[in-house]
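To keep things clear, I will list the structure first and then write my remarks on it.
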Amino acid sequence: PTEATRYMYGHGFGTMFLASAYGEEEDKDQREKLEKCLKKAVEFIGKAQTLKKYRKPEGKEVDVGGWGYVSAADGNNFDEGSVTITQLQALRAARNAGIQVPKEVIQKATDYLEACTTPDGGVIYSWAGGNGNA
């Protein structure tokens with residue numbers, strides 16, 4: 001119950017664990033089970049991503065998406081940097097294990113982090129659109 005308001009952290013760390021276990025598993029049946037779970041975990045991460053607009057410095061508007069403490073649907077499209085990084089690490093671990101990760105999910109997250117980066121290299125807590133301040 002205490003994790004109900006921040007389950008995306010656990011999901012990210014759990015996905016990293018699954019990716020590690022999958023990469024080391026030699027038993028064919030167990031490996032197939034882990035692969036199925038890992039694919040579902042990656043799919044959930046993609047569905048939990050927020051969707052916002054960001055105008056890049058060169059003027060091009062792009063979709064950006066990060067992650068918050070809960071999925072975008074449960075959290076009213078709220079996102080923040082530390083959970084976003086956790087999900088990206090999980091997606092990278094899955095990809096390293098051989099699981100396909102949707103390119104558009106990574107691109108939206110990369111653009112999200114760009115939107116959250118200040119001119120002096122700092123990172124704001126959350127992208128709220130407009131000026132990026134949350």
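Computed quantities for the displayed model
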quantity	calculated
Yes/no for Asn77 being polar (S, T, N, Q) and touching a residue at least 60 places away in the same chain (Cβ under 8 Å)	no
Output for region 109-128, where each listed residue is out of contact with any helix residue (DSSP H, G or I) (no Cβ under 8 Å at 6 or more places or on another chain), small (Gly, Ala, Ser) and either open to solvent by less than 50 Å² (accessible area, probe 1.4 Å) or under 20 Å from Met16 (Cα atoms) (or both)	Ala115, Gly122
Single unsatisfied condition, Arg55 versus (1) in contact (Cβ under 8 Å) with a residue 12 or more places away in the chain; (2) among the basic types (Lys, Arg); (3) touching a strand residue (DSSP E or B) at 6+ places or on another chain (Cβ under 7 Å)	(1)
Verdict on Gly23 being under 18 Å from Ala128 (Cβ atoms) and of a type outside the set (Lys, Arg)	no
Pair list, Cβ < 7 Å and 6+ apart or interchain, from region 90-113 residues that are touching a residue at least 40 places away in the same chain (Cβ under 8 Å) to residues that are open to solvent by 50 Å² or more (accessible area, probe 1.4 Å) and of a type in the set (A, V, I, L, M, F, W, C)	Leu91/Ile106
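The values are calculated or read from the model by the stated rules, or taken from the named source; none is laboratory data. Remember, predicted model here, so these are calculated numbers, not experimental data. Here the Cβ is made from the backbone with ideal geometry for all residues, glycine too, and neighbour counts use every protein chain on show. Side chains are part of the model used for accessible areas, which takes the heavy atoms of the whole protein and leaves out ligands, DNA and RNA. Shrake-Rupley method; radii C 1.70, N 1.55, O 1.52, S 1.80 Å.
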